[in-house]
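Colleague: This structure is in structure tokens; I'll ask about it shortly.
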Amino acid sequence: MSDPEEKLLKIYDGSRPVVEDLFERNWINQLAWSVVVLLCSVVVWFAIAIVNAENQRHALMTRQCADPVFKGEIDMRCLQVVSSREHWWQHLWYGITHLRPQEK
């Protein structure tokens, strides 16, 4: 090989992938993805908690779970299974957008 060809090969030699490092896993990348998965799980858990709390709050506000035997009391079994709005996302949307109590 001539001298210019060797210089050209040396220039492009760094752009070739290193076969030894091709399938190596980086532990920092795995840590970052683990944190992302953990945070997404926490967000889903909070969303489920907001939906359940808002469902019960709305049922109490609209008096859907009044105890038929004892007037003025709440039926706790009804409160656990009530569906006070048509869809779960309506509870989530209301719970996220109405953070402060309404002023009278």
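The values are calculated or read from the model by the stated rules, or taken from the named source; none is laboratory data. What you see is a predicted model, and the numbers here were worked out from it, not measured in a lab. When we count neighbours, we look across all protein chains shown, and the Cβ atoms used for this are built from the backbone with ideal geometry, even at glycine. Note: accessible area is taken over every heavy atom of the protein model, side chains too, but ligands, DNA and RNA are not part of it. Shrake-Rupley method; radii C 1.70, N 1.55, O 1.52, S 1.80 Å.
Colleague: Evaluate segment 36-49: report whether one residue or more is out of contact with any Pro (no Cβ under 6 Å at 6 or more places or on another chain) and surrounded by 15 or more Cβ atoms within 10 Å (Cβ to Cβ).
Modeller: Yes, because at least one residue in segment 36-49 is out of contact with any Pro (no Cβ under 6 Å at 6 or more places or on another chain) and surrounded by 15 or more Cβ atoms within 10 Å (Cβ to Cβ).
Colleague: Right, something else. Look at segment 58-74 and say how many of its residues are surrounded by 10 or more Cβ atoms within 10 Å (Cβ to Cβ) and not hydrophobic (A, V, I, L, M, F, W, C). It would help to see each step written out before you state the result.
Modeller: So the first thing to find is which residues in segment 58-74 are surrounded by 10 or more Cβ atoms within 10 Å (Cβ to Cβ), and the list is 58-60, 62, 64-67, 73-74.
Pick out the ones that are also not hydrophobic (A, V, I, L, M, F, W, C) and you get 58, 62, 64, 67, 73.
Result for segment 58-74: 5.
Colleague: Related question: Which pairs have Cβ atoms under 9 Å, sit 6 or more apart or on different chains, and link a residue in segment 42-56 that is in contact (Cβ under 8 Å) with a residue 60 or more places away in the chain to one that is open to solvent by 90 Å² or more (accessible area, probe 1.4 Å) and of a type in the set (Val, Ile, Thr)?
Modeller: So the pair list comes out empty.
Colleague: Counting only residues that are surrounded by 15 or more Cβ atoms within 10 Å (Cβ to Cβ) and of a type outside the set (Gly, Ala, Ser), which one in segment 75-92 is nearest to the chain's Cα centre (by Cα)?
Modeller: So the first thing to find is which residues in segment 75-92 are surrounded by 15 or more Cβ atoms within 10 Å (Cβ to Cβ), and the list is 75, 79, 82, 84-85, 88, 90-92.
Going one step further and asking which of them are of a type outside the set (Gly, Ala, Ser), we end up with 75, 79, 82, 85, 88, 90-92.
On the way: ASP75: 32, LEU79: 25, VAL82: 24, ARG85: 22, TRP88: 15, GLN90: 17, HIS91: 16, LEU92: 12 Å.
Among residues in segment 75-92 that are surrounded by 15 or more Cβ atoms within 10 Å (Cβ to Cβ) and of a type outside the set (Gly, Ala, Ser), the one nearest to the chain's Cα centre (by Cα) is LEU92.
Colleague: Write out, first by first residue and then by second, each pair whose Cβ atoms fall under 9 Å of each other, whose residues are 6+ apart or on separate chains, and whose first residue, in segment 59-70, is under 15 Å from HIS91 (Cβ atoms) and among the small types (Gly, Ala, Ser) while the second is surrounded by 15 or more Cβ atoms within 10 Å (Cβ to Cβ) and modelled with pLDDT of 90 or more.
Modeller: ALA59/VAL82; ALA59/SER84
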